[in-house]
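Here is the structure we will look at.
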Amino acid sequence: MSDLNYDRQIDRSKMQIGSEVAIEISEMNKWYGTFHVLRDINLTVNSGERIVICGPSGSGKSTLIRCINRLEEHQAGRIVVDGTELTNDLKNIDKIRSEVGMCFQHFNLFPHLTILENCTLAPIWVRKTPKKEAIETAMHYLEKVKIPDQANKYPGQLSGGQQQRVAIARSLCMKPRIMLFDEPTSALDPEMIKEVLDTMIELAEEGMTMICVTHEMGFARQVANRVIFMDEGQIVEQNEPEEFFNNPKSERTKLFLSQILGH
Amino acid sequence: MTILTDPPKESFRLSMLIYDTRYRSLTFQAITAAVLALCIWYLGNNLIQNLRAAGLNIAFDFLGDPSGYDINQRLVEYDSQSTHARAALVGLLNTVLVAFLACVTATVFGVIAGVLRLSNNWLVSKLMAAYVEIFRNIPVLIWIIIIFTIMTAVLPGPRAFRGDDPASSMLFGSFAFTNRGIYTPMPWFESGFFASASLNWLVVLAGLVVSWIVSRRITAWATAKQEATGVRPKTMLPVLAVWLVPFLVLMLVMGLTWEIPALKGFNFQGGIKIGGPLIALWFALSIYTGAFIAENVRAGIQAISKGQTEAAAALGLRPRRVMNLVVLPQALRVIIPPLISQYLNITKNSSLAIAVGYADITATLGGITLNQTGRAIESVLLLMLFYLTASLLISFGMNLYNASVKLKER
Amino acid sequence: MKKSVILGALTVAGLAAGAAAAGTLDDVKARGKLNCGVTTGLVGFAAPDANGNWDGFDVGVCRAVAAAVLGDPNAVEFVPTTGKTRFTALASGEIDMLARNTTWTFSRDVDLKFEFVGVNYYDGQGFMIPKELGVSSAKELDGATVCIQTGTTTELNLADFFRANNISYEPVPIETNAEAQQQFLAGACDVYTTDASGLAATRATFENPGDYAVLPEIISKEPLGPLVRHGDNEWGDVVRWTLNALIASEELGVTSANLEEMAKGTSNPEINRMMGTEGSLGEMLGLDADWAKRAIAAGGNYGELFAKNIGEETPVGLARGLNAQWKNGGLLYSPPFR
Amino acid sequence: MSDQTSTSVAFVAKDTIPPSPPPGRETGIVKWLRENLFSNIPNSILTIVSLYVIFIVLKNTMPWIVNGVWTTSSLSQCREVLNGETGACFSVLTERWNQLLYGFKYPVDQYWRPNLALLLMIVAAAPVLFFDLPRKLLLFTAVYPFLAYWLIWGGSVYVPLIALLGFVAATVVFQTFGKGSFAIGFFGAIVAAFVVWMVGGALIPETASENALLSPVPSRDLGGFMLNLMLGATCVSLSLPIGIVLALGRQSDMPLIKWVCVIFIEFVRGVPLITLLFVASVMLSYFFPPESSVDLFLRVVIMITMFASAYIAEVIRGGLAALPKGQYEAADSIGLAYPQAMRLIILPQALKISIPGIVNVAVGLFKDTTLVSVISMFDLVGMIRGPILASTEWNGVYWELLGFAALLFFIVCYGISQYSQWLERRLATDHR
């Protein structure tokens, strides 16, 4: 992946890291059948942190963030999101899901609903927001991601980059405190990657807590305050971006970075 | 604007008929037309010669003659003095009846089996897989015969209900399951508004329509309320009341009573009879086609990528809402076109009614009428015309639907 | 006349029979086989046995014709037909004659353009009921459920009978005899109606035939006989007189046992004419002198055929009744061989 | 890491954590049961209901099957042997085995012929069904129809031989002249075939079939399950080329050809097969020349082939539509004429995509061959409903016979549909 150079100045002033803990994962283990996919994961995320997770495919990055909003079930250890522990209790799951937004690699917009309906669906049915209010919120966020004029089109009529921005807006409409990004740009063409990353940067500038699985190292360098490298289901190395990229400690990290940046 | 000059005039050559794109297509079509005309002429000529040799002609006036036979199930007035055309009409309505009933139940079977097949309960999903495979891979004719045989052999004859200590007794004293069919109580009105039973039923129907309108109003009100406040009021009880209360009041006022079937003479008399052949054919078609529909439903649900469910779940929607708001609206688009073609198949397969003695149009017009009058060509032509019309109507409906729900794409 | 190898090949394979317009008799001779339409299976009249050999009363007529025309009672292709397909099969030339319990009626003879060559069985439609119902007359059947084999005149007779007596019934039309029987035995219908001979044949196969009775009423006349296409009178004559030879031989006392002896010449000129020792009847038919002898040799005379297939000694157990010779009070009356 | 300000953040794993087995409750049969059968209350109820259903079915059928009688020669003997107990009378299957499989007229000493034909059919079908087999085997597939025809119907070997020669001549002519002009090659091939057939037909001696190596068997004598298989195989293979032509015709931009195909396809798909069989049994004879009559088997084959080709045309049309437009454009752009483009580029790909659909049509059609029993042909169902149930010995044996028929069809159809699913999976990976 190439380093992207942004022609805009990134405002780090608001990117303050708070003191309260947003996510706490301790001794978390997960198996797919007998395959040990996540091994002894310990991770604490404070509010306002911007974390980038990278690693070779199959290393468990996606599984890790999907555990955070319980798209996957973990079998051992604890996950606490905003003081609520993830258990089998449906109430807890609902609470956590309405506070954690997520963007997927393949956008997963609902093709049978318009852009606006995509954005108002969850606020209306989950948050019980009046429709008018939900529409106002949706338009607000659609303006934020710069596609208000597409509100009445269907997802199939939009480009990939636009779709991903809609997906971000859709999550934001739930006013989440934490955003998870699962390789949001890897299904996109280069010029579209930029528009999506811009949206993400804006989000970061507003102080959103973000965990992002991505291979966009330029983004990691400039936005993240922490980079985590995973391999074979465990966290191999984590550090501040400068240090992580310039001075990796682990052999596996070095190998990975040389492959991903080395050309 | 440039002025176009005429292309240089080409003298027409014979080879242009094949090699010139302007004439090529015309040539081929002319050849086709000629071959087609030749075939039609040949077949028609043979037909005329054969008919002349046999001293027959093609005429449809036999349809106006009295049919001379009786039909056990008839939705319109009919007796043996009615015309052959009327007999065909009785058969036609019977075809429509069994096809309609089978479409409804096949859908129910299919949806249940299709959804259960995706269940995470291993046993249930395997059981449903077995159902689908067994029924899909055995000819429907065999199923129709097997189910008819089961009905005949397993259910008791009316004789079994006779005597002081009968071998069988009626369920709740009012339902009789016999191998001639199922007899159920028939509702009628003691103090109805009109003398005619059908007018009274029209009143009931009107009442139901009113209930429907009111319940629609309630739903609309709930939606409006939700849009305004965000909270959707619980409408289940009011809606239930709107449906039930007027209905019950109407029934009470009109003095609803039940005519219980009772064994008199050879058969149960009174009540509603659902004939054995109808049940066998109906059930066989439903369960056979249900297996196909189950596969369509499964494919439809599976066609909705896991990402859709996950995205909806990640937004905090509960599983039931995920199903209603995200998966079903999309799955239906995938399911309905093959579903309609299954309905077409049911309509066509209902022609196997003759294997169980159900008086559908194939059995009346294409069976007894054909036999008694010997008008084979006319009867078969009419029969095909009917099925063709039915199929085209159903396909037409399907195309309209498809056009209306097509996903918009770039 | 070879059109192309395709048609030729099909003919060779028996897929298509190139029937020239010359006349059925010549066709049959040229082909070396008689195509005879029979029912798909009615015990005693026409049914294939475990080895696929057709056997029965109607089959006997087919074999007699084949023996008379071709000299070999086994030179018959039996073509099973249903009530629906029988007339088309005959009209289209797929079969040369139809010997399937088919009732001789005006419209079939005149309107459908067939020719009934005689009657080989005088039948009538009857009713069979389980004895436990305690019914002794068909007039007591008000409200009964009646199984009928569809595609025959029985449906019309049934409607007429109940209408004439102003009583109601519920018909259950069934395709095959076996299925009608299954319905009847299971009690899905109270009554089974078909030709009295068919009732007897069906009852013969029951586990407990004694539990069922045939009601005394015979509601219709059902003269069953072989038929051929209209217009081919030579062929019609062959079938007609083969049938008559079977009937007459019983009357004249010619049986398969004394056939050889009779053929040597007797004092009865009619027997002699029939056997070909006197006159030239065979020649007039377009056959040889021995034709009737072979027809009788095929399965015996009418009486022998009857006794062997449907008589009182067989499971079907039919009495001669109307089908006795006219001298014995029956209706069998062959025109003279003169 | 010494100069890091946020030391709390920096972390390097010291060693690799080895994979460990999942916790105890996550393994073994207990977990499997908990997850798959009793994960929650509704699921547990479903499980119990299912178990009950299975129990009921087994309870009712097992004694019947286990007590089955295999060696008697009539139903009444069966009843004697069973002596009032529940039990099946499978003797009907053993006693009428040959009739169920071959019909009641096929000569018993000739059963090896259809058997061999069936065996060879598997060999002939193999290269079509499995692409990995050597393409040379297709040569046998091409010869097979003639061989099978000769095996089953017997008679003079010249008939299928000359028919085959006609096709060979047509191929040769087409290969020679078709390169120059498709039209010349095409019409030349037709003419060549007819010349060979005419000349060959005239050369066949009239008596050829009488002293043939294989005694001739009339098609009326075919029956039982063999008849179902033959009707299915014949009609599907005949309907393939017709279906291709119809599908191409429906896509044609010549209005007349297009509409002829559309009307044919929609008409045939709009009526039930049984009405077409009625046409075969009561109507079609009137359309043949007055002096000839075509027997029921051929008439039925004609109608079922019509029926199948309409359905196959629709499947192939789907395959043609699924091909990317680029393939058509690429074929045009390298200068291929329409017939060449179809034959070399489009059809091979479209047919490959369509195979699962075609197999499904074939299975459906094979099941539908049972309908011929309605028009008095003695296929498997016809044998059961006709001669066997009408016979004195076996009158009343329904379950055993119907169950046997169902089982036979299930084995064949399930086998074919499993193949089709395998193929679909394979095609899905091929196209990646």
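The values are calculated or read from the model by the stated rules, or taken from the named source; none is laboratory data. None of these values were measured; they are calculated from a predicted model. A quick note on method: Cβ atoms are made from the backbone with ideal geometry, for glycine too, and the neighbour counts reach across all protein chains shown. Just so you know, the surface numbers come from the protein's heavy atoms only, side chains and all, with ligands and any DNA or RNA stripped out. Shrake-Rupley method; radii C 1.70, N 1.55, O 1.52, S 1.80 Å.
The table that follows gives values for the structure above.
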| item | result |
| --- | --- |
| Breaking point among (1) part of a helix (DSSP H, G or I); (2) facing chain C (nearest Cβ under 10 Å); (3) open to solvent by 30 Å² or more (accessible area, probe 1.4 Å), for D:Thr392 | (1) |
| Candidates C:Asp72, C:Asp109, filtered to the one that is at pLDDT below 90 and open to solvent by 20 Å² or more (accessible area, probe 1.4 Å) | C:Asp109 |
| Hits in segment D:254-275 - residues which are open to solvent by less than 30 Å² (accessible area, probe 1.4 Å), within 8 Å of chain B (Cβ to nearest Cβ) and under 23 Å from D:Leu298 (Cβ atoms) | D:Val271, D:Pro272, D:Leu273, D:Ile274, D:Thr275 |
| Every residue from segment B:187-211 that is within 29 Å of B:Leu237 (Cα to Cα) and open to solvent by 30 Å² or more (accessible area, probe 1.4 Å) | B:Trp188, B:Trp201, B:Leu202, B:Val203, B:Leu205, B:Ala206, B:Leu208, B:Val209, B:Val210 |
| Residues (in contact with a Leu (Cβ under 7 Å, 6 or more places away or on another chain) and either away from every other protein chain (no Cβ under 11 Å) or modelled with pLDDT of 80 or more (or both)) located in segment B:159-177 | B:Phe177 |
| Total residues in segment A:94-115, condition open to solvent by 20 Å² or more (accessible area, probe 1.4 Å) and either farther than 30 Å from B:Val334 by Cα or acidic (Asp, Glu) (or both) | 3 |
| Unique residue being under 30 Å from C:Leu156 (Cβ atoms) and open to solvent by 10 Å² or more (accessible area, probe 1.4 Å) when the list is B:Gly374, B:Gly357, B:Gly397, B:Gly366 | B:Gly374 |
| Filter pass, D:Ala183 being in a helix (DSSP H, G or I), within 32 Å of the chain's Cα centre (by Cα) and either modelled with pLDDT under 85 or not charged (D, E, K, R) (or both) | no |
| Single condition C:Gly231 does not satisfy, out of (1) modelled with pLDDT of 85 or more; (2) under 29 Å from C:Phe114 (Cα atoms); (3) open to solvent by 10 Å² or more (accessible area, probe 1.4 Å) | (1) |
| Residues within segment D:11-69 that are under 30 Å from A:Asn29 (Cβ atoms) and in contact with a helix residue (DSSP H, G or I) (Cβ under 7 Å, 6 or more places away or on another chain), tallied | 6 |
| Residue match in segment D:279-286 (condition: at pLDDT 85 or above, among the aromatic types (Phe, Trp, Tyr) and crowded, with 18+ Cβ neighbours inside 10 Å) | no |
| In segment D:246-298, the residues that are outside any helix (DSSP H, G or I) and over 22 Å from D:Ile346 (Cβ atoms) | D:Val271, D:Pro272, D:Phe288, D:Pro289, D:Pro290, D:Glu291, D:Ser292, D:Ser293, D:Val294, D:Asp295 |
| Members of segment B:212-256 found to be open to solvent by less than 60 Å² (accessible area, probe 1.4 Å) and under 24 Å from B:Gly271 (Cβ atoms), listed by number | B:Leu250, B:Met251, B:Met254, B:Gly255, B:Leu256 |
| Some residue of segment B:330-342 being within 14 Å of chain A (Cβ to nearest Cβ) and open to solvent by less than 10 Å² (accessible area, probe 1.4 Å) | yes |
| Among residues of segment D:287-304, those that are over 23 Å from B:Gly374 (Cβ atoms) and crowded, with 22+ Cβ neighbours inside 10 Å, counted | 2 |
| Inter-residue pairs, beta-carbon under 9 Å, first within 14 Å of another protein chain (Cβ to nearest Cβ) and in segment B:226-255, second open to solvent by 40 Å² or more (accessible area, probe 1.4 Å) and of a type in the set (S, T, N, Q), 6+ apart | B:Arg232/B:Thr223 |
| In segment D:388-420, the residues that are farther than 16 Å from D:Thr370 by Cβ and in contact (Cβ under 8 Å) with a residue 60 or more places away in the chain | D:Thr392, D:Glu393, D:Trp394, D:Asn395, D:Gly396, D:Val397, D:Trp399, D:Glu400, D:Tyr419, D:Ser420 |
| Hits in segment D:150-161 (condition: in a helix (DSSP H, G or I) and open to solvent by less than 20 Å² (accessible area, probe 1.4 Å)) | D:Leu151, D:Ile152, D:Val159, D:Pro160 |
| Complete set of residues in segment B:301-313 that are facing another protein chain (nearest Cβ under 8 Å) and under 13 Å from A:His106 (Cβ atoms) | B:Ser305, B:Gly307, B:Gln308, B:Glu310, B:Ala311 |
| Residue in segment B:153-164 that is assigned to a helix (DSSP H, G or I), under 26 Å from the mean Cα position of the chain (by Cα) and not aliphatic (A, V, I, L, M) present | no |
| Subset of segment D:135-166 that is within 24 Å of the chain's Cα centre (by Cα) and among the aromatic types (Phe, Trp, Tyr) - its residue that is nearest to the other protein chains (Cβ to nearest Cβ) | D:Trp153 |
| Residue, modelled with the lowest pLDDT, within segment C:192-220, restricted to residues that are in a helix (DSSP H, G or I), open to solvent by less than 40 Å² (accessible area, probe 1.4 Å) and touching a strand residue (DSSP E or B) at 6+ places or on another chain (Cβ under 8 Å) | C:Ala201 |
| Residue ID - most open to solvent (accessible area, probe 1.4 Å), chosen from residues in segment C:152-191 that are more than 10 Å from chain B (Cβ to nearest Cβ) and in contact with a Ser or Thr (Cβ under 7 Å, 6 or more places away or on another chain) | C:Asn177 |
| All positions within segment D:346-383 that are assigned to a helix (DSSP H, G or I) and away from chain B (no Cβ under 14 Å) | D:Ile346, D:Leu347, D:Pro348, D:Gln349, D:Ala350, D:Leu351, D:Lys352, D:Ile353, D:Ser354, D:Ile355, D:Ile358 |
| Verdict on D:Phe307 being at pLDDT below 90, aromatic (Phe, Trp, Tyr), touching a helix residue (DSSP H, G or I) at 6+ places or on another chain (Cβ under 6 Å) and in a helix (DSSP H, G or I) | no |
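This table checks each residue for (1) at pLDDT 90 or above; (2) out of contact with any strand residue (DSSP E or B) (no Cβ under 8 Å at 6 or more places or on another chain); (3) assigned to a helix (DSSP H, G or I).
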| position | (1), (2), (3) |
| --- | --- |
| C:Glu283 | no, yes, yes |
| C:Ala295 | yes, yes, yes |
| C:Phe306 | yes, yes, yes |
| C:Gly311 | no, yes, no |
| C:Thr314 | no, yes, no |
| C:Leu318 | no, yes, no |
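One line per residue, one yes/no per condition, for (1) within 18 Å of the chain's Cα centre (by Cα); (2) farther than 27 Å from C:Gly60 by Cα; (3) of a type in the set (Asp, Glu):
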| site | (1), (2), (3) |
| --- | --- |
| C:Tyr122 | yes, no, no |
| C:Lys131 | no, yes, no |
| C:Gly134 | no, yes, no |
| C:Ser137 | no, yes, no |
| C:Asp142 | no, yes, yes |
| C:Thr145 | no, yes, no |
| C:Gln149 | yes, no, no |
| C:Thr154 | yes, no, no |
| C:Asn165 | no, yes, no |
